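Colleague: Could you have a look at this structure, given as structure tokens, before my questions?
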Amino acid sequence: RLALPKIVSIQNCYSLLNRVDYETGLQEVCLPENTNVGLLPYSPLAGGVLSGKYSQADVSEEESSKWRLNLFTGYMARYKQSLAADAVDLYSKLAKKYDMTPSEFAIAFCNSRPFVTSTIIGATSVPQLRENIGAFEKTWTEEMENDVDEVFKKYKDPSKV
């Protein structure tokens, strides 16, 4: 009608900490049998929170004051809440259970979703980039899915509470 190009993908925030909006609203519309629009999730590490680096108790106040999460007032404030921190702790324990880093686990989760066509990653160092890329080589299992579901039942989008 309007001769506009077909929408083939959308970029939405999607991660272990931010699932409900997409999974309960957009997922059905984007299915191949409906509009066939792929998801390119950005922030699969929830601004770095799911990497576990912001929950290190043994870091000095001086060092943590330099973290991106703490540099800018209000930046990623939704992830500083206690419920998000509790969920991150549980997901980090699951990562360890499956011999992955927390970052690998979070990215592997996103990559395992059938509606994800690619995952947008970001890194501030070469080691972080290697770790993030390595997550795409991980195999997501039914046991992992079941473990994540148990955490999700307790903490549905904990950053919004």
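The values are calculated or read from the model by the stated rules, or taken from the named source; none is laboratory data. Every value quoted in this text rests on a predicted model; they were computed, and no experiment measured them. When we count neighbours, we look across all protein chains shown, and the Cβ atoms used for this are built from the backbone with ideal geometry, even at glycine. These accessible areas exclude ligands, DNA and RNA; they are computed on the full protein's heavy atoms, side chains included. Shrake-Rupley method; radii C 1.70, N 1.55, O 1.52, S 1.80 Å.
Colleague: Which numbered condition trips up T119, out of (1) open to solvent by less than 50 Å² (accessible area, probe 1.4 Å); (2) part of a helix (DSSP H, G or I)?
Modeller: Here T119 meets the rest and fails (2).
Colleague: Another question, then. For the list (1) open to solvent by less than 20 Å² (accessible area, probe 1.4 Å); (2) part of a loop (DSSP other than H, G, I, E, B); (3) over 21 Å from L26 (Cα atoms), I need the number of the one condition that V151 fails.
Modeller: Among (1) open to solvent by less than 20 Å² (accessible area, probe 1.4 Å); (2) part of a loop (DSSP other than H, G, I, E, B); (3) over 21 Å from L26 (Cα atoms), the lone unmet condition for V151 is (2).
Colleague: Step by step: first the residues of the range 111-135, then only those that are over 14 Å from L50 (Cβ atoms) and among the hydroxyl-bearing types (S, T, Y), then the one that is modelled with the lowest pLDDT. Which residue is that?
Modeller: T124
Colleague: Would you pick out the residues in the range 103-151 that are touching a Gly at 6+ places or on another chain (Cβ under 9 Å) and of a type in the set (S, T, Y)?
Modeller: Result: S103, T117, S118, T124.
Colleague: Now for a different question. If I ask for residues that are modelled with pLDDT under 90 and not hydrophobic (A, V, I, L, M, F, W, C), which ones from the range 44-61 would you list?
Modeller: G47, G48, S51, G52, K53, Y54, S55, Q56, D58, S60, E61
Colleague: Continuing with the same structure: So, V37, is that one open to solvent by less than 60 Å² (accessible area, probe 1.4 Å), in contact with a strand residue (DSSP E or B) (Cβ under 9 Å, 6 or more places away or on another chain) and at pLDDT 90 or above or not?
Modeller: Yes; evaluated as a whole, the condition is true for this residue.
Colleague: Still on this structure: Small (G, A, S), open to solvent by less than 50 Å² (accessible area, probe 1.4 Å), out of contact with any Asp or Glu (no Cβ under 9 Å at 6 or more places or on another chain) and at pLDDT 90 or above: is that true of S64 in this structure?
Modeller: Judged against the criteria, S64 is not a match.
Colleague: Name the residues in the range 136-161 that are modelled with pLDDT of 95 or more and either small (G, A, S) or touching a Ser or Thr at 6+ places or on another chain (Cβ under 7 Å) (or both), would you?
Modeller: W140
Colleague: Same structure, new question: Every residue in the range 14-28 that is within 15 Å of G47 (Cα to Cα) and at pLDDT below 90, please.
Modeller: Within the range 14-28, none qualify.
Colleague: Within the range 134-153, which residues are closer than 15 Å to L16 by Cβ and either touching a strand residue (DSSP E or B) at 6+ places or on another chain (Cβ under 9 Å) or free of Cβ contacts under 8 Å to residues at least 24 places away in the same chain (or both)?
Modeller: Correct list: N146, D149, E150, K153.
Colleague: Moving on. Quick check on my filter: what residues within the range 1-34 are open to solvent by less than 40 Å² (accessible area, probe 1.4 Å) and among the hydroxyl-bearing types (S, T, Y)?
Modeller: Once the filter is applied, which keeps residues that are open to solvent by less than 40 Å² (accessible area, probe 1.4 Å) and among the hydroxyl-bearing types (S, T, Y), the range 1-34 yields Y14, S15, Y22.
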